[in-house]
Amino acid sequence: MSHHGGRTWPEFCGGSRPRTIHDTPPGFRPPPTAGPHQPARAAPVLWSKKIIAALVVVSIAGCGGGGQKAEKEERAVGRVEEVIPPHELAERLAAVQPEWPTAFGAFRPRALDCAALKCVALTFDDGPYRYTAKLLDMLAEHQAKATFFVVGRMVAASGAAGLRRMVAEGHEVGNHTWDHAMLTDLRRPLIEAELRRTQQIVRSATGTRMRIMRPPYGATNRLVARVAEGHGLAQILWDVDTVDWRDRRPALITRRAVAAPPGTIVLLHDIHRTTVEAAPRILSELARAGYTFVTVSELLGDHMPGPGRLYPDRSERELRNAADRPAAGRP
């Protein structure tokens, strides 16, 4: 029995005429993959096989006295054929089994000793966006892991496929609020909404509950910390700022990124074309220097701050000064 296109029922049910079910439309060709791994595209095909297997069992069970009756009914109404495009099949399955994305795995930090290795955590803020898939291709080519601090509104606009790919390929996803709000300017209910909505959309898309967040502009205070704690989120800032949101020159972005000392978190943005253009050289030069590319959770390991706590730790005075500074860009 073929695994693609038309599927013909076994002819052991009283010689009944075969029915054909298509799990992909006739002539369907999947679009070019964005990288070497595409779990989000594979899931619908996997599920369609399970559905077809179940239908085969039903067909066998009905082979007793119902075969001739089914044949007569089929002659009366004609052949039954249903074409289900993969994306529609995925939507149907998600509707009846909301937790199905967990089938392709949630993020699991690798057990790495970054005290012994030259580790660096590249982090990308504000996506997903049109350049994110290309960036994921580059990371896969270099077998590099990264952390993406996503904006909920951008996830809603881009769809779930890219987010699922991030998780499936071993990257970490963090909360960067719903619409990149300056949290220190908001009252508690609005801070709650900024974090909660983003938690919900990522959980719905991937089955993963985020455990880290990055306050936009690095602006945080005690209230933000309390709300983050309530959502089980550690606050993660950065050690090296490439200032790629302001300086849109790949060579300059590269020079700043590759100067990162071992054990540091580097701030980048996947919404900027120039940053993604700089990525191949950043990855190549750091790899040649012996760096291991890790996620934030892998880098910090047992030193990961608890919910609501901040990395790197800063004094209350520093936090107030950061919150009072005007936001010049979009960290």
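The values are calculated or read from the model by the stated rules, or taken from the named source; none is laboratory data. Computed from a predicted structure; not experimentally measured. Every residue, glycine as well, gets a Cβ built from its backbone with ideal geometry; the counts of neighbours run over all protein chains shown.
Among the candidates Glu298, Glu277, Glu285, the residue that is in contact with a Cys (Cβ under 9 Å, 6 or more places away or on another chain) and of a type outside the set (S, T, N, Q) is uniquely Glu298.
Quick check, is Met154 touching a Leu at 6+ places or on another chain (Cβ under 6 Å), in the same structural domain as Tyr311 (by TED's automatic domain parsing) and closer than 26 Å to Phe293 by Cβ? No, not satisfied. The residue list Thr208, Thr220 contains one member that is at pLDDT below 95, among the polar types (S, T, N, Q) and not in a helix (DSSP H, G or I), which is Thr208. Across segment 92-119, the qualifying residues are those that are farther than 23 Å from Met210 by Cα and part of a helix (DSSP H, G or I), and the one among them that is modelled with the lowest pLDDT is Val96.
Beta carbons closer than 9 Å, at least 6 apart along the sequence or on distinct chains, pair a first residue in segment 120-136 that is in a strand (DSSP E or B) with a second that is modelled with pLDDT of 95 or more and among the acidic types (Asp, Glu) for Ala121/Glu172; Ala121/Asp239; Ala121/Glu298; Thr123/Glu172; Phe124/Asp270; Asp125/Asp270.
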